[in-house]
Number of protein chains: 4
Amino acid sequence: MASNTTGEIFKVTTFGSSHGRALGATVDGCPAGLELTAEDIQEELNRRRPGTSNLTTARDEKDRVEILSGIFNDKTDGTPITAIVRNNDQISKNYDNLKNNPRPGHGDYCWYKKFGNYDYRGGGRGSGRITIGHVIGGAISKKLLSLHGITVTAHVISIHNCKTERKFTLDDIKENITRNNVRCADLEKAKEMEDIILKAKSEGNSVGGVVEIIIDNLPVGLGQPVFDKLDGDLAKALMNIGAVKGVEVGSGFDSTFLTGKEFNDKYYVENDKILTKTNNCGGILGGMSNGMPVVLRIAVKPTPSVSGIQESVNLENNTASSIEIEGRHDPCICPRVTAVAESSCSIVLADHMLRAGFIHPDKI
Amino acid sequence: MASNTTGEIFKVTTFGSSHGRALGATVDGCPAGLELTAEDIQEELNRRRPGTSNLTTARDEKDRVEILSGIFNDKTDGTPITAIVRNNDQISKNYDNLKNNPRPGHGDYCWYKKFGNYDYRGGGRGSGRITIGHVIGGAISKKLLSLHGITVTAHVISIHNCKTERKFTLDDIKENITRNNVRCADLEKAKEMEDIILKAKSEGNSVGGVVEIIIDNLPVGLGQPVFDKLDGDLAKALMNIGAVKGVEVGSGFDSTFLTGKEFNDKYYVENDKILTKTNNCGGILGGMSNGMPVVLRIAVKPTPSVSGIQESVNLENNTASSIEIEGRHDPCICPRVTAVAESSCSIVLADHMLRAGFIHPDKI
Amino acid sequence: MASNTTGEIFKVTTFGSSHGRALGATVDGCPAGLELTAEDIQEELNRRRPGTSNLTTARDEKDRVEILSGIFNDKTDGTPITAIVRNNDQISKNYDNLKNNPRPGHGDYCWYKKFGNYDYRGGGRGSGRITIGHVIGGAISKKLLSLHGITVTAHVISIHNCKTERKFTLDDIKENITRNNVRCADLEKAKEMEDIILKAKSEGNSVGGVVEIIIDNLPVGLGQPVFDKLDGDLAKALMNIGAVKGVEVGSGFDSTFLTGKEFNDKYYVENDKILTKTNNCGGILGGMSNGMPVVLRIAVKPTPSVSGIQESVNLENNTASSIEIEGRHDPCICPRVTAVAESSCSIVLADHMLRAGFIHPDKI
Amino acid sequence: MASNTTGEIFKVTTFGSSHGRALGATVDGCPAGLELTAEDIQEELNRRRPGTSNLTTARDEKDRVEILSGIFNDKTDGTPITAIVRNNDQISKNYDNLKNNPRPGHGDYCWYKKFGNYDYRGGGRGSGRITIGHVIGGAISKKLLSLHGITVTAHVISIHNCKTERKFTLDDIKENITRNNVRCADLEKAKEMEDIILKAKSEGNSVGGVVEIIIDNLPVGLGQPVFDKLDGDLAKALMNIGAVKGVEVGSGFDSTFLTGKEFNDKYYVENDKILTKTNNCGGILGGMSNGMPVVLRIAVKPTPSVSGIQESVNLENNTASSIEIEGRHDPCICPRVTAVAESSCSIVLADHMLRAGFIHPDKI
């Protein structure tokens, strides 16, 4: 059953695959009156674009976006916004030996069983390339959230066994991550992390890491109790990113080592604003924002595309086989995941802002 | 915006609160022909019921279920199944001092800002008592899944700083958890865990822990790529449980310490069945089941209701205040969370079985 | 696939059947703060209740409603409102001869093919009795709409071949329909209509008619262009009522006899308000309300339950058979349909008021 | 709130407007394995395309479709299918005098109030041109339905006061409508109808008519009782077509002149198939198909764009104004509506075939 749409009011539908004509997204439910240009979307796409540093795949896609609909006199007009990016730099011959032999760590085998086919030319719609659609939706969401001062910032806090222990202000994080290719706020650790990634690359191997997302300036009461909690929806959106194997909010798994008296965040009042002294709950209580920053962390697995011969099975006759993946791939997906994680969270937040009535559904 | 329904085809809508007349659920989309009695639901409810051991709240609810609709000649008839449980043992006077002073660690303040009110008599619909609805939905889901041999088992693997390191077979887990109140498969550790919980209870404090969920016998290809991945939907369902602060699948956060060559689960064939030698991916690839057991873990925070005076704020005049919670509460929610986690996962699975066409939508 | 819920934000889920324990509805998405009592719902239920005049079925149900959830301190609290009516006066023995022989004009045969069963004891969930759920949802909708001055009025304009040609003001219609059992504004014609119905009754036959619905005081711009137009959603809601075979808005089918120059409603301004001189469009343009009264008419077929032997088929062996229906039935459903039509429209309108941002989703 | 998507499993999202870069649709939920080419879609688009006869607008659009995604090796692959048509022949200068003066009979005023803007260049997304998206979705639906032998045929039965009284077989209807520009099965009346349309055109006026839709070969039990009845969903889809003011099924409004004994369609068995002797119910009972042809009729209003000066209001200062529409328009939309009506119904049917499990959700 169809699952290429997310959102209840602010609905993002994505389409396209790694080797078709184009990828894109339709955003339905964005109120009229939001200033929006192709450049707004292009900026976000450039952050997830491959080929921008030696840490990413060599596949070089310009990823130029075209807006097909939904804009009138340089503003959204309340009708669906469709934007597309055409595929260009495809080297399909790399993939022929994969035709009946699914790649370990990828969804090939599952696609084959489910749909009776899978696109062996780079994963088809199972490819990370489909997050172009996420980022188109995210760029529009971010623009909408910015009207309310809301920011969403993802930064790398560990790569493999290298972890930053330093705490930075949100402003420093926003600044520092633009100054290194790993997108880590700790500039010294960033250098170490880069070395780890390049070493994995030189060995035809890959590594993972942890990315933290900080959401600032949410109003109190965002999120729907029971089945569409804010943390539930953010967890889903983040887990839906291909490489993510874990999500935690606030103190997360470390919460289990605290007692209730330690964990509970104490209320206080400052400048007539209700705040808490700690933020173990990560800005969310009862599934709703409590006015403190929302803090999430995701576990990103090592990229499954590695070099060398790997054990597989031949799907035509159910016998053991082996494959060798020759395409161009990222030795570590974490830096590029930051753009996708921000987009995925922004889409959830834009939808919840509309659902809770903080944004009018028809016009801003 | 309404959020008391979950599911796309197998839809569960829940209602009721801690101190209203009744709680319940409506299951719409269950195919006709499933044998179902009130006793099937009662058994699952008994597992989450309070007052069954010294580890749980002293609130004593019989929680007898009544099925109002959807059954004809002892089978589901394809129409919505509504089942309710009436509230009985309410001591509302315990809660009066909380009227304008939200409890730390609870959603009171967020409810107040969102809806202009909150039910200070035990949390209202923010109470854990609403999971009666989840369990009604879960019991029906489980019955449906059992036709396909699918089982969902939750067991406690750590309480506070006490963690079992032993590995058990699924059969042993299913057996052992019925033999102790903590619902831990490691019977020695279970005793330690029980002591930790009772110590917290005696101190008016609370503790958390980690619960693991194992899903067995799923067909390959369950889950929808892109926005409704199986891991995404399970993560959401689990994060939606009140006390959960983190969800991981397979190797989870530990994945980040593995390289791609280590992480990738190698395929092999046994008895004409495609399996993998390891299960780092936790049974899910590309958002779809791959035929291996699905393994998830959740971080359960310490219960926020603790004794003693706590810092709060007075919502009428935005000044510092303090409260003392006098109700009856669980010193550790983990044992009872197991029933809710199983139900939450079962609802997701039943829905995905229908969405993927493994179960016919109208009749079994 | 499940279809017992209607609405996108204001969601009404109904359950129950003609011969189960109870029927009811859950309204999810009603904002907090609306004053609501069981009596508000009871009043509307009384209008659709059988046994109130000699024009309706002799089945005598008191139809007393109980609200199970969603009310706190006599107001809605933003959580789902569930209300139920228990079945009492069931004479199941009447229906045994129908077990494998579907009634002509009823959905029995279709239910049987779809679900593998059908409830031969009065139609089960195919019975008109399920509109109790519609009316519960409608009563809550009406209360919410009344805050904005919106009224929904259904009145009978024809029974069989007897049609009123007189035009009445909305106030007169509201007044007059309470003064006769047919619910016709034309008191002279009402007498004729009553005679027609009683004659059909005496012959074991039934008749149909036309009901008009007038919606007053809608804001401009209600309705969603393209796939959820206001007229589209109203048409669907009305066509979903069991006996309805046609829906028209404004000039309806008569529009086809007008030219464009005749049909177009001319704009003018009065007291700074934009109005149209005629209302051929029935208050809806481009799928959105234009500020004029919304006018709809529905064709209600003669009740299919008639006396005498009717040709049927035996579903066990696909051979011709015959049946005789002995239950108690309405000779004309039109008078009772007015309550259901008002409710069905009110639910659509409440949902659209929320969707268009005229009502805040969380609190009024 | 967003409303540019229709369908529960087979989901069609449309986008684009009369004067943007492109229009199109995304179909999500089409199972994998369906043979599909751009030519399949092009054929259907050609039937709704303007400029093909002297009965339609002079606007000449080639309307060439491009499929951007969802096809792999000439078959659908289970991922979303996006297809677009670029706008070319736009004469925007025609529309400048309409900037603040809404056209009578169009949705301009409602769009303005709802979204704070309206596209005065031909209606924007309120234009009939957006039905390109409907037809793209319809073409794919038809292809899917054809695997089950289901056909959907729309034909004109009246134009203004000229109505065919003759009954034709479905085969004759399918054949005859291709032989005249009005798409009427009665070739003699078709000539009269054409004259009526040309006369209206010469007078700068417009006319309406009635279109009948016949759906053949549906399985029994299609449609969901209660809120998503087959007739409810078809009525909504048809009413959503811009010019439609009424929908009826089977005997429709004429049903009100029949008694129950006359109306009830008598069952009989022929070749082991259950049929009815008459088809007053129009192939639908209890909201589900009963195996007889589904027959619907829609009232199509006269096109609102007529020549000459019309009374309007100036939206900047709420004063009376007047406008003259100079664009190119259809004197009668009925012939082109047939393609849109078929598409709209086909989308509903494809979705219901999936919902009822007659088509597998993932692969055919």
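Please list, ordered by first then second residue, the pairs with beta carbon atoms under 8 Å, 6 or more apart or interchain, first in region D:175-186 and within 16 Å of D:Thr56 (Cβ to Cβ), second polar (S, T, N, Q) and assigned to a helix (DSSP H, G or I).
Within 8 Å, the pairs are D:Ile177/D:Thr338; D:Arg183/D:Thr338; D:Cys184/D:Asn176.
Given the condition touching a Leu at 6+ places or on another chain (Cβ under 9 Å) and under 22 Å from A:Ile41 (Cα atoms), answer yes or no: does some residue in region A:171-179 qualify? Write out each step before concluding.
Looking only at region A:171-179, we keep the residues that are touching a Leu at 6+ places or on another chain (Cβ under 9 Å), and these are A:176, A:179.
From what's left, under 22 Å from A:Ile41 (Cα atoms): A:179.
Yes, region A:171-179 contains a residue that is touching a Leu at 6+ places or on another chain (Cβ under 9 Å) and under 22 Å from A:Ile41 (Cα atoms).
Here is a yes/no grid of residues against (1) over 18 Å from D:Ala237 (Cα atoms); (2) without any contact (Cβ under 8 Å) to a residue 60 or more places away in the chain; (3) of a type in the set (D, E, K, R):
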{"position": "D:Tyr112", "(1), (2), (3)": "yes, no, no"}
{"position": "D:Asn117", "(1), (2), (3)": "yes, yes, no"}
{"position": "D:Tyr120", "(1), (2), (3)": "yes, yes, no"}
{"position": "D:Gly123", "(1), (2), (3)": "yes, no, no"}
{"position": "D:Arg129", "(1), (2), (3)": "no, no, yes"}
{"position": "D:Ile136", "(1), (2), (3)": "no, no, no"}
{"position": "D:Leu145", "(1), (2), (3)": "no, no, no"}
{"position": "D:Gly149", "(1), (2), (3)": "yes, no, no"}
{"position": "D:Val152", "(1), (2), (3)": "no, no, no"}
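So, C:Lys143, is that one basic (Lys, Arg), surrounded by fewer than 23 Cβ atoms within 10 Å (Cβ to Cβ) and in contact with an Asp or Glu (Cβ under 8 Å, 6 or more places away or on another chain) or not?
yes
How do the helices (runs of 4 or more DSSP H) wholly within region A:69-177 filter down when requiring 2 or more residues that are within 14 Å of chain B (Cβ to nearest Cβ), more than 22 Å from A:Ile325 (Cβ to Cβ) and under 22 Å from the mean Cα position of the chain (by Cα): which remain?
Values: elements: A:108-115, A:131-146, A:170-176.
Answer list for region A:69-177: A:131-146.
Name, by its number, the condition in (1) over 26 Å from A:Ala350 (Cβ atoms); (2) touching a Lys or Arg at 6+ places or on another chain (Cβ under 8 Å) that does not hold for A:Glu203.
(2)
Could you tell me whether region D:85-97 includes any residue that is modelled with pLDDT of 80 or more and of a type in the set (Gly, Ala, Ser)? It would help to see each step written out before you state the result.
Just the residues of region D:85-97 that are modelled with pLDDT of 80 or more, to begin with: D:85-88.
If we keep only those that are of a type in the set (Gly, Ala, Ser) as well, we get none.
There is no residue in region D:85-97 that is modelled with pLDDT of 80 or more and of a type in the set (Gly, Ala, Ser).
Name the residue, out of C:Gly126, C:Gly208, C:Gly137, C:Gly149, that is crowded, with 24+ Cβ neighbours inside 10 Å and farther than 23 Å from D:Thr256 by Cβ.
Numbers: C:Gly126 fails: farther than 23 Å from D:Thr256 by Cβ; C:Gly208 fails: farther than 23 Å from D:Thr256 by Cβ; C:Gly149 fails: crowded, with 24+ Cβ neighbours inside 10 Å.
Just one listed residue meets the conditions, C:Gly137.
Can you tell me how many residues in region B:271-280 are at the interface with another protein chain (Cβ under 7 Å from one of its Cβ atoms) and not in a strand (DSSP E or B)?
The initial filter retains those residues of region B:271-280 that are at the interface with another protein chain (Cβ under 7 Å from one of its Cβ atoms), namely B:272, B:274.
Right, trim to not in a strand (DSSP E or B) and you get B:272.
Number satisfying all stated conditions: 1.
Yes or no: region A:353-363 includes at least one residue that is surrounded by fewer than 22 Cβ atoms within 10 Å (Cβ to Cβ), in contact with a helix residue (DSSP H, G or I) (Cβ under 7 Å, 6 or more places away or on another chain) and among the basic types (Lys, Arg).
Within region A:353-363, one or more residues are surrounded by fewer than 22 Cβ atoms within 10 Å (Cβ to Cβ), in contact with a helix residue (DSSP H, G or I) (Cβ under 7 Å, 6 or more places away or on another chain) and among the basic types (Lys, Arg).
Quick one: in region A:4-31, of everything that is more than 7 Å from chain D (Cβ to nearest Cβ), more than 17 Å from the chain's Cα centre (by Cα) and under 24 Å from B:Phe10 (Cα atoms), which residue is surrounded by the fewest Cβ atoms within 10 Å (Cβ to Cβ)?
So the residue we want is A:Glu8.
Checking the condition of a type in the set (Gly, Ala, Ser) and crowded, with 22+ Cβ neighbours inside 10 Å, which residue from B:Ser289, B:Ser322, B:Ser307 passes? Full working, then the answer.
Values: B:Ser322 fails: crowded, with 22+ Cβ neighbours inside 10 Å; B:Ser307 fails: crowded, with 22+ Cβ neighbours inside 10 Å.
Going through B:Ser289, B:Ser322, B:Ser307 in turn, just one is of a type in the set (Gly, Ala, Ser) and crowded, with 22+ Cβ neighbours inside 10 Å: B:Ser289.
Please work out if D:Ile173 is out of contact with any helix residue (DSSP H, G or I) (no Cβ under 8 Å at 6 or more places or on another chain), of a type outside the set (S, T, N, Q) and either under 22 Å from D:Gly252 (Cβ atoms) or loosely packed, with under 15 Cβ neighbours inside 10 Å (or both). Let's see the steps before the verdict.
Working: out of contact with any helix residue (DSSP H, G or I) (no Cβ under 8 Å at 6 or more places or on another chain): yes; of a type outside the set (S, T, N, Q): yes; either under 22 Å from D:Gly252 (Cβ atoms) or loosely packed, with under 15 Cβ neighbours inside 10 Å (or both): yes.
The answer is yes for D:Ile173.
Can you tell me which residue in region A:223-272 is farthest from the chain's Cα centre (by Cα), limited to those that are among the aromatic types (Phe, Trp, Tyr) and more than 18 Å from B:Ile159 (Cβ to Cβ)? Walk me through it before giving the result.
Step one: list which residues in region A:223-272 are among the aromatic types (Phe, Trp, Tyr), which gives A:227, A:253, A:257, A:263, A:267-268.
Next, from what is left, pick out any that are more than 18 Å from B:Ile159 (Cβ to Cβ): A:227, A:267-268.
Numbers: A:Phe227: 22, A:Tyr267: 32, A:Tyr268: 34 Å.
Applying the filter and picking the extreme gives A:Tyr268.
Please verify whether region C:182-192 includes one or more residues that are over 30 Å from C:Ser17 (Cα atoms), more than 20 Å from the chain's Cα centre (by Cα) and part of a loop (DSSP other than H, G, I, E, B).
Looking through region C:182-192, at least one residue is over 30 Å from C:Ser17 (Cα atoms), more than 20 Å from the chain's Cα centre (by Cα) and part of a loop (DSSP other than H, G, I, E, B).
Of everything in region D:32-53 that's out of contact with any strand residue (DSSP E or B) (no Cβ under 7 Å at 6 or more places or on another chain) and assigned to a loop (DSSP other than H, G, I, E, B), which residue is nearest to the other protein chains (Cβ to nearest Cβ)?
D:Thr37
Of the residues A:Leu198, A:Leu258, only one is over 26 Å from B:Ile197 (Cβ atoms), surrounded by fewer than 21 Cβ atoms within 10 Å (Cβ to Cβ) and hydrophobic (A, V, I, L, M, F, W, C); which? Give the derivation first.
Details: A:Leu258 fails: over 26 Å from B:Ile197 (Cβ atoms).
The unique qualifying residue is A:Leu198.
Looking at C:Thr13 and the list (1) more than 19 Å from C:Ile84 (Cβ to Cβ); (2) assigned to a strand (DSSP E or B), which single condition is not satisfied?
(1)
The values are calculated or read from the model by the stated rules, or taken from the named source; none is laboratory data. In this text the structure is predicted, and so the values were computed from the model without any measurement. Every residue, glycine as well, gets a Cβ built from its backbone with ideal geometry; the counts of neighbours run over all protein chains shown.
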